[in-house]
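Notes to accompany the following structure.
The values are calculated or read from the model by the stated rules, or taken from the named source; none is laboratory data. Quick caveat: nothing in here was measured; it's all calculated off a predicted structure. FYI the Cβ positions are ideal-geometry reconstructions off the backbone, even for glycines, and counts take in every protein chain you see. Protein only, heavy atoms only, side chains kept; ligands, DNA and RNA dropped before computing areas. Shrake-Rupley method; radii C 1.70, N 1.55, O 1.52, S 1.80 Å.
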Amino acid sequence: MLLSTPSSFPAVDPIPLPAPIWLFKLLHIVTLSLHFVAVEMLLGGLLLAALFSLFRGPAHVVARALARRLPVVMTYVINLGVPPLLFAQVLYGRALYTSSILIGAWWISIIALLTLAYWLLYRFTARLDAGKPAWLTGLSAWIIAGFIARLLSTNMTLMLRPEAWRQMYSASGAGIYLPTADPTTTPRWLLMLAGGFLIAGLWMIYLAARSTFTAEEKRFLAGTGGKTALLGGIVYCLCGLWAYAVQPDAVKAGLASHPLYHWCGYAVYGWFLCLALALVLAAIAGFGKVTASWLSWAATLTAVLLEITFTVYRDTVRDLTLLSKGFDVWDRAVVTNWSVVGLFLVLFVASLGVIAWLISVVARAQKPMEGAA
Ligand code: HEM
């Protein structure tokens, strides 16, 4: 049974939405899934690169190869973070703006933290290229990125708890306190951190098929990447079960019986399927040291599908939590401006085409061997 309490949310904006809610949700889920792929590559790839930098031989070459790619990954983290932020504000503004203001000082600090992490990524690569010890720089960047992730998990869970808002605002209107009592925040955060090892392991399996690595480096990428993905995937699964277990009863009941959301909740089976597939691919690469290109593309596809199913399920949990507190995301006035929607979709598809073209140019370019000075 879903409980309905008097609404604690600010009044809804009287200006109607200019596009159907399902379209905002679709675009939100697509862009957020891609943001999560990039975030996991950053979180996992950075820590692995810092670790590998301590060794010589193929591990060191792989550390440099990952580190060189991380500033590019960071651009995707940021650019693929902006669209879902805008869509989330359109759909959940009354909740998200409130929670963002309540932790305002921390929330705004993300910009400074992000700049610092970005700078450290460049320092990390430069130190590796110069043959200097770099693990501390890499580790520092990872700690900052992990803290940004913590702040995001904090805000995305605080927006679901209107019952905590008044007391937080009474304690301080300056946004200097972080909420502490939510049992869902830590498992969600750890789920994202653990996912980093799974996705970064799959990323290494992808790299193992690239011709810019020697046979020995490829074997290292496949073997170590596969084992990392295997271990990371198991921890990821456990964190996922933990994150589910601490959800409120109203959410679990909604997942079982709500006319719409119990269908969306089936995304969890897709997530388990992708996870199982990822573990099989990881085992093949990890123990067989297989570097075939089919494995590389299978790992990439599985990583993307895993994040899509995860994002759909996560979105379902959010909607059910908000619904149990009187906030129905579908309950909005809509007056669709089809010419603007059409223009947006044309530009959206065109920009995807440009990105695909840019990637194909990079793929066709002649590249030096990764181990070259
Ligand atoms: C190092 C940089 C970043 C990291 C590590 C990171 C990590 C994360 C994590 C872990 C979450 C999920 C939180 C949860 O639900 O538990 C998340 C969600 C999100 N991130 Fe990022 N993020 C980064 C940068 C950004 C940037 C720069 C933006 C936007 C400009 C952004 C936009 C978002 C949005 C909008 C969501 C949630 C959207 C939703 O729930 O609807 N992120 N991010």
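Could you tell me whether the range 70-222 comes out rounded, prolate or oblate from its Cα gyration tensor? Rule is a ≥ b ≥ c as square roots of the eigenvalues, rounded for a/c under 1.5, then prolate if a/b exceeds b/c, otherwise oblate.
Note, shape of the range 70-222 comes out prolate.
By the gyration tensor of its Cα atoms, with a ≥ b ≥ c the square roots of the eigenvalues, what is the shape of the range 246-370: rounded for a/c under 1.5, prolate for a/b over b/c, or oblate?
Cα axes put the range 246-370 in the oblate bin.
Work out the FRET efficiency for Tyr269 and Phe348 from their Cβ-Cβ distance, taking R0 = 22 Å, and round it to the nearest 0.05.
Result of the calculation: an efficiency of 0.15.
In what order, largest first, do Tyr244, Tyr97, Tyr236, Tyr313 sit by accessible area if the probe radius is 1.4 Å?
If we order Tyr244, Tyr97, Tyr236, Tyr313 from most to least accessible, we get Tyr97, Tyr244, Tyr313, Tyr236.
Once you list every other residue whose beta carbon is under 15 Å from the beta carbon of Ile284, what net charge do they have if Lys and Arg are +1 and Asp and Glu are -1?
Local net charge: +4.
Amide H neighbours of Leu17 under 5 Å, counting only residues 5+ apart in sequence or on other chains, H built in-plane at 1.01 Å?
Ala333, Val334, Val335
What are the semi-axes of the equivalent ellipsoid for the chain, taken as the square roots of 5 times the Cα gyration tensor eigenvalues, largest first, in whole Å?
Computed over the chain, the values are 37, 22, 21 Å.
What's the center-to-center distance, using Cα atoms, between the range 315-361 and the range 1-77 in Å?
For the range 315-361 versus the range 1-77, the Cα centre distance is 16 Å.
Between rounded, prolate and oblate, where does the range 298-373 land on the alpha carbon gyration tensor, with a ≥ b ≥ c its root eigenvalues, rounded for a/c under 1.5, else prolate if a/b exceeds b/c?
oblate
Work out the P(r) tail for the range 125-204: percent of alpha carbon pairs separated by more than 20 Å, whole number.
Tail fraction, whole percent: 51.
Quickly estimate the mean residue ellipticity at 222 nm for the chain, helices only: each DSSP H run with n ≥ 4 gives -39500 (n - 2.57), and the total goes over all residues, rounded to 500.
Rounded to the nearest 500, it is -26500 deg cm²/dmol.
Along the range 233-244, what does the Karplus equation 6.51 cos²θ - 1.76 cosθ + 1.60 (θ = phi - 60°) give for ³J(HN,Hα), rounded to whole Hz, x for Gly and Pro?
x, 5, 5, 4, 4, 5, 5, x, 5, 5, 4, 6
For the range 136-149, just list the computed ³J(HN,Hα) in residue order, Karplus coefficients 6.51, -1.76 and 1.60, θ = phi - 60°, integers in Hz, with x standing in for Gly and Pro.
Ordered by residue, 3J(HN,Hα) equals 5, 5, x, 5, 4, 4, 5, 4, 5, 4, x, 6, 4, 4 Hz.
Does anyone have the angle between helix 58-79 and the longest principal axis of the chain? Alpha-carbon axes, 0 to 90°, nearest 10?
It is inclined by approximately 30 degrees.
Provide the per-residue ³J(HN,Hα) series for the range 171-186, in order, calculated from phi with Karplus coefficients 6.51, -1.76, 1.60 and θ = phi - 60°, each as a whole number of Hz, with x at glycine and proline positions.
5, 6, x, 8, x, 9, 9, 9, x, 10, 8, 8, x, 8, 5, 5
May I ask which residue of Ala350, Val280, Ile308 lies farthest towards the positive end of the charge dipole of the range 271-373, with charges of +1 (Lys, Arg) and -1 (Asp, Glu) on Cβ and the Cα centre as origin?
Projecting each Cα onto the dipole axis, the largest value belongs to Val280.
Taking R0 as 56 Å, what's the FRET efficiency between Tyr169 and Trp357 from their Cβ-Cβ distance, rounded to 0.05?
Values: r = 49 Å, r/R0 = 0.87.
With a Förster radius of 56 Å, E is 0.70.
With each label point set 7 Å from Cα along the Cα-Cβ vector, what nm distance links Val12 and Asp249?
Spacing of the two 7 Å Cα→Cβ label points: 2.9 nm.
Using the charge dipole of the chain (Lys, Arg: +1 at Cβ; Asp, Glu: -1 at Cβ; taken about the Cα centre), state which of Pro71, Leu323, His262 has its Cα farthest towards the positive end.
Pro71
For the chain, modelled as a GNM with alpha-carbon contacts under 10 angstrom, which of Ala282, Ala299, Ala174 fluctuates the most?
Ala174
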